[in-house]
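Everything below concerns the one structure shown next.
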Amino acid sequence: MKINYIHKKYLKYNKGKAVISSHIEALHAAPPAADLYTDKLVENIVEKIGCAGIIGTVSRKYADLNRSPSVENFEAIIEYRETIKDILQYLTILDISSGEIVKPYLHLSIHGMKDAHYGPFAIEIGTLNGKSCSKEMKLWFERSITNGLKGYLPEVNVIFDRKFIGDRSIAYHRLGDGQEYEGYKDHFQTFQMEISFTLRKNYSEELVHLISKIITDFQEEFIINCD
């Protein structure tokens with residue numbers, strides 16, 4: 001089934017089925033300087049489980065969606081933040097009066113790293129040293145991805161917050177940016193996933209299964225079982 005996307009100036013997105021409290025994104029999907037295969041990975045996961053998805057359509061060289069606002073990317077950042085807000089409102093988990101979300105929300109940001117960093121079978125998870133998520137959720141995510149890899153990619157090495165801890169902007173959706181963007185507070189949980197080139201190129205199906213399982217496990221444990 002073909003997934004229809006809403007196309008904006010700097011990105012395209014699908015709001016999902018208004019059920020799964022999560023979105024997955026590939027902000028650096030557009031060339032030049034693209035994280036190759038990240039767009040297809042996001043598209044396949046959105047199609048498989050019906051979560052929301054955001055894909056950057058303008059190169060980071062011109063407007064980087066994964067950075068703090070600047071003169072160069074200000075318009076793009078506003079569009080990106082409005083897109084996340086649209087998804088949260090579609091899920092009916094955003095309290096307009098407080099500006100906070102009322103249920104746990106999982107935000108997975110997919111990026112690509114070179115095999116030279118940790119070898120061809122590696123994934124690094126960045127949380128800005130715990131600032132983009134809660135301590136409890138970081139422990140849960142570590143268990144979830146470790147267990148998932150046993151079934152799909154047992155040879156993969158997972159690293160947390162070493163080289164690619166994430167730009168400070170990955171914590172803004174939770175904590176705010178200290179200016180006009182206040183963030184969505186404690187329920188918003190962001191994880192950056194830096195995936196080696198070999199995995200992205202040759203193991204896309206396994207990655208789709210792995211990440212889909214993480215999202216559906218989150219949904220079952222923190223949304224369905226808590227309603």
TODO: Compute the Cα gyration tensor for the range 152-199, then decide on rounded, prolate or oblate, letting a ≥ b ≥ c be the square roots of its eigenvalues: rounded whenever a/c is under 1.5, prolate when a/b is larger than b/c in the other cases, and oblate in all that remain.
DONE: prolate
Open item on the list: How big is the dipole moment of the chain about its Cα centre under a simple scheme where the beta carbon of each Lys and Arg is +1, that of each Asp and Glu is -1, and everything else is neutral? Debye, nearest 20, please.
Closed with: 340 debye
Open item on the list: Between the range 60-93 and the range 198-222, how far is it from one alpha carbon centroid to the other, in angstrom?
Closed with: 24 Å
Task: Gyration tensor (alpha-carbon) shape descriptor, the range 29-147, a/c threshold 1.5 - done: oblate
- [ ] List, in order, the whole-Hz ³J(HN,Hα) value for each residue of the range 202-217 obtained from phi through the Karplus relation with A = 6.51, B = -1.76, C = 1.60 and θ = phi - 60°; use x for Gly and Pro.
- [x] 10, 10, 5, 5, 5, 5, 4, 5, 4, 5, 4, 5, 4, 5, 5, 5
TODO: Quote the relative contact order of the chain in percent (integer), defining contacts as alpha-carbon pairs under 8 Å separated by 6+ residues.
DONE: 23 percent
Task: ³J(HN,Hα), Karplus 6.51/-1.76/1.60, whole Hz, each residue of the range 143-149, x for Gly, Pro - done: 5, 5, 6, 5, 5, x, 5
Task: Cα→Cβ-extended label distance, 7 Å offset, between Asn202 and His117, nm - done: 1.9 nm
TODO: Would you mind checking which residues have amide H under 5 Å from Ser22's amide H? H placed 1.01 Å from N; only 5 or more apart, or other chain.
DONE: Ala52, Leu106
Task: Added length on full extension, which subtracts the Cα-Cα distance from 0.36 nm per residue, Lys8 to Asp86 - done: 26.8 nm
Open item on the list: With the cut-off at 1.5 for a/c, could you classify the range 109-227 from its C-alpha gyration tensor as rounded, prolate or oblate?
Closed with: oblate
Open item on the list: Checking the cross-link filter: which aspartates and glutamates have an alpha carbon closer than 18 Å to that of Lys138, excluding same-chain neighbours under 8 positions apart?
Closed with: Glu124, Asp161, Asp167, Asp186, Glu194, Asp217, Glu220, Glu221
- [ ] Only helical DSSP H runs with n ≥ 4 go in: add -39500 (n - 2.57) per run for the chain, normalise by residue count and round the 222 nm mean residue ellipticity to 500 deg cm²/dmol.
- [x] -10000 deg cm²/dmol
TODO: Pull up the cross-link candidates among the lysines for Lys114, meaning alpha carbon to alpha carbon under 22 Å and not fewer than 8 places away within one chain.
DONE: Lys40, Lys61, Lys163, Lys201
- [ ] Could you line up Leu128, Leu41 from fewest to most neighbouring Cβ atoms inside 10 Å?
- [x] Leu128, Leu41
Open item on the list: Counting just the Cα atoms, what span does the range 6-226 cover along each of its three principal axes? Round to the nearest Å and put the largest first.
Closed with: 47, 43, 31
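Bear in mind these aren't lab numbers, they're just calculated from the coordinates by the rules spelled out. Treat the numbers as computed from the prediction; the structure is a model and nothing was measured. Ideal geometry is used to build each Cβ from the backbone, glycine not excepted, and the neighbour counts take in all protein chains shown.
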